[in-house]
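Have a look at the structure below before the remarks.
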Amino acid sequence: MSQETSHNLPPKRMRESRAIKASIVLPPDTNNHNTMFGGKVMSYIDDIAAISAMRHCRQRVVTASTDSVDFMHPIRLGDSICLESFVTWTHKTSMEVFVKVTAEDLMTGNRAICATSFLTFVALDPDNRPILVPPVYPESEEEKFLHETASERAKVRHDRRSQSRELAEKFVLKRSWEAL
């Protein structure tokens, strides 16, 4: 909890940022395989993660990155989709949020974890400048695991962002327009 001394905000429990959202999968939510559109799931993930981030810092937030969305099981027409999210780690102005997506066959009661994701949000002040966020601390075993492994994910994010910047420099906007 070294962050507490770095910016004097009291730490918060991870569970204070927990958010849960459930919905039934209807025909407009599905593709030609009668499974939920991946983009729709991704939209739900970003939405619930933003709620958790705002609950944690009580500020407006912006999505800084989505590490990954790993789809493991299809979500079928008529299933219930349930998303659960909470802040797992914080830095000065940023927060890592974990999202778990579960589907339930409402006729049989069978459930499966369908996707997991980590996103990073930055808290913003009224002038849209990054603002300090409170530290977070874990209590449950699940929370402790996610908190303890967060610094590894942060390093991967940092390295990936550097690679993305290098790639962007190679493909300047001017060159893209020349191809048209």
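The values are calculated or read from the model by the stated rules, or taken from the named source; none is laboratory data. Model, not experiment: these values are computed from the prediction. Cβ placement follows ideal geometry from the backbone for every residue including glycine, while neighbour counts extend to all protein chains displayed.
Summary of values
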quantity: Near pairs, Cβ below 7 angstrom, 6+ apart or cross-chain, from the range 157-178 (of a type in the set (K, R)) to any residue that is at pLDDT 85 or above and surrounded by 10 or more Cβ atoms within 10 Å (Cβ to Cβ); calculated: R157/S65; R157/D67; R157/T120
quantity: Residues of the range 124-163 classified as over 20 Å from T66 (Cβ atoms) and among the aliphatic types (A, V, I, L, M), total; calculated: 2
quantity: Flag if V133 is modelled with pLDDT of 95 or more, closer than 23 Å to N8 by Cβ and out of contact with any Pro (no Cβ under 7 Å at 6 or more places or on another chain); calculated: yes
quantity: Cβ pairs under 6 Å, 6+ apart, first in the range 133-150 and within 16 Å of S17 (Cβ to Cβ), second of a type in the set (D, E, K, R) and modelled with pLDDT under 95; calculated: P135/E4
quantity: Unique residue being over 19 Å from M72 (Cβ atoms), modelled with pLDDT under 95 and among the polar types (S, T, N, Q) when the list is S151, S94; calculated: S151
quantity: Residue count, the range 51-76 (criterion: hydrophobic (A, V, I, L, M, F, W, C) and assigned to a strand (DSSP E or B)); calculated: 5
quantity: Every residue from the range 77-102 that is assigned to a strand (DSSP E or B) and surrounded by fewer than 16 Cβ atoms within 10 Å (Cβ to Cβ); calculated: S80
